[in-house]
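Chemist: First, the structure itself, so that you have it in front of you.
Since every read-out is calculated from the coordinates, none of them should be taken as a lab result. Being a predicted model, the structure only gives us computed values, none of them experimental.
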Amino acid sequence: MNRKRQNARSVWIDITFSTAIVLLTVSAILLVFMTENGSTASQPDEKETTSSIPVETEQIDSNYPGIKIITKTSNDKNAPYAIQYPQSIHTIFNTEVKNYIEEVQDRYLETIIEKKRLDEKTSGELNVSYETLPHASGNYSFVFLNSSSFSDSESGKMEIRSFHLNPETGESFSIRDLFAGDSNRLQTLASSVRRAIQKDDSLQEHIIEDALEKYTEPRWMNYRNFAITDDALIIYFDENTIADRLVGPPIVSVPIDAIDELLASAFKPEDVEDAIESPNQGSMDSSNEEQNDGHSDKSTESDIEGDEQSKDSPLEGTVGKKVALTFDDGPDPKVTRQILEILQKHDAKATFFMLGSRVEYYSDIVNEMKEAGHELGNHTWNHADLTKLSPERIAKEIDKTSAIIEDVTGQKVEAFRPPYGAVNDAVHNITGLPIVLWDVDTQDWKYRDSARILQVVKENVKDGSIILMHDIHQSTADGLDAVLTYLKNEGFEFVTVKELEETTP
Ligand code: ZN
């Protein structure tokens with residue numbers, strides 16, 4: 001199960017985007033309601049867009065010691081946003097990050113106001129999320145993905161910006177600080193990056209030859225947005241610079257071996273080796289693989305044997321009402337586990353539509369799902385809107401995800417749910433899997449209100465319903481027990497999507 005390292009490049013790239021999207025909707029335990037800090041967004045003359053819509057701010061601890069995640073959301077219908085950023089115990093870093101966030105927010109609100117002058121009905125959307133990339137030296141790279149879109153234009157804008165922190169000293173570090181004082185270092189960096197670009201198949205067809213030279217010139221400025229991990233130095237270019245027609249800005253990953261000679265000692269692999277922790281590796285145990293090979297429902301059937309509601313009588317009306325619970329965008333190390341416990345408590349089977357990039361990191365949980373008899377579904381690698389991708393990329397998003405799930409669990413993936421439910425002919429033709437949508441949308445990602453999930457379910461559920469939820473929000477886990485209790489009392493049996501399809505005429 002050692003595919004992790006070999007795949008480092010694509011993983012980091014995909015992770016950046018997938019978590020960007022996933023993290024937009026990260027939930028929190030602590031809710032703090034605050035009103036907007038008047039200096040930035042709520043100028044009195046911006047009445048149309050901001051006025052007194054409350055801004056919700058949440059703060060939670062991240063998985064990284066000393067780093068808290070702040071999430072700020074506004075549901076203003078003209079100019080909604082969801083912004084997420086890290087804060088540490090160091091004031092300078094905190095201020096730098098906050099200034100950036102304010103700048104992004106201001107730019108967005110100004111654009112909205114300008115656009116509204118032309119067309120009153122224009123609305124926008126802003127999402128800012130970030131990924132933390134740790135290095136064995138203890139240093140962090142925080143990579144922000146800020147994406148904005150407006151109702152008057154089809155394509156949105158994405159921007160990547162990196163911040164860097166030594167959490168012990170509070171100091172920042174730049175691309176320059178990564179390299180020791182060799183006079184050729186910048187030249188070597190530039191040529192390593194160019195070589196990495198040439199080797200990157202996914203970039204090839206998008207490269208703008210004339211621009212490549214210019215944007216990879218040996219100037220520090222060209223490499224200012226970067227992340228350093230134990231495997232690679234990742235360079236983030238601005239959108240439409242070295243390449244175009246990509247989803248998001250071009251990202252180039254230079255294997256650490258290509259530049260390690262030049263690295264400053266604080267970042268040299270051998271100097272920090274003892275500190276390297278090996279992240280989760282693969283499955284906990286594969287003893288169940290054989291007995292459960294192929295279908296998730298095999299164990300399901302025997303698990304609920306004896307339960308009066310498990311009778312296979314699909315054609316009978318009142319007895320044997322079935323519902324399929326589905327959870328998207330995970331796995332999440334905390335929330336998914338809680339959901340698995342609640343499902344177990346109710347002896348319920350569900351279907352998880354997972355992001356390949358997250359499966360790679362939380363493979364233990366995926367095995368727990370499999371062992372509990374849940375169905376494992378494909379939700380693309382990085383939550384891309386497939387209708388905007390080339391056929392090759394659609395295939396890659398889907399195939400890679402099925403491959404990692406099958407690799408990790410030994411179980412075949414037999415269901416696919418496109419992100420945003422977005423499908424077109426190309427998606428239909430390319431995916432070899434049944435496309436599974438839903439009929440009950442709990443909108444748990446939007447409201448983050450555990451009580452609301454039950455309310456939506458009560459109002460909409462019927463025999464054969466497929467309920468959409470997300471196992472990345474704490475509020476979803478918190479509301480699930482009540483939903484299951486209600487459905488059980490109403491006589492519903494909880495089945496996987498596959499079982500539902502098999503029994504539905
Ligand atoms: Zn999704």
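Chemist: Please work out the C-alpha center-to-center distance from region 338-366 to region 125-147 and express it in whole Å.
Modeler: With region 338-366 and region 125-147 each reduced to a Cα centre, they are spaced 25 Å.
Chemist: Considering only C-alpha atoms, what is the centroid distance from region 370-433 to region 194-238, in Å?
Modeler: 28 Å
Chemist: Sequence-distant or interchain residues sharing an amide H contact under 5 Å with Leu233, placed H: which?
Modeler: It is Val254, Ile256, by chain and number.
Chemist: Report, in whole Å, the centroid distance computed from the Cα atoms of region 59-101 and region 447-505.
Modeler: Using only Cα atoms, the two centres lie 32 Å from each other.
Chemist: A further question follows. Suppose we keep just the DSSP beta bridges with both residues in region 50-174; what percent of those would be antiparallel, to 5?
Modeler: Around 90 percent of the beta bridges assigned by DSSP in region 50-174 are antiparallel ones.
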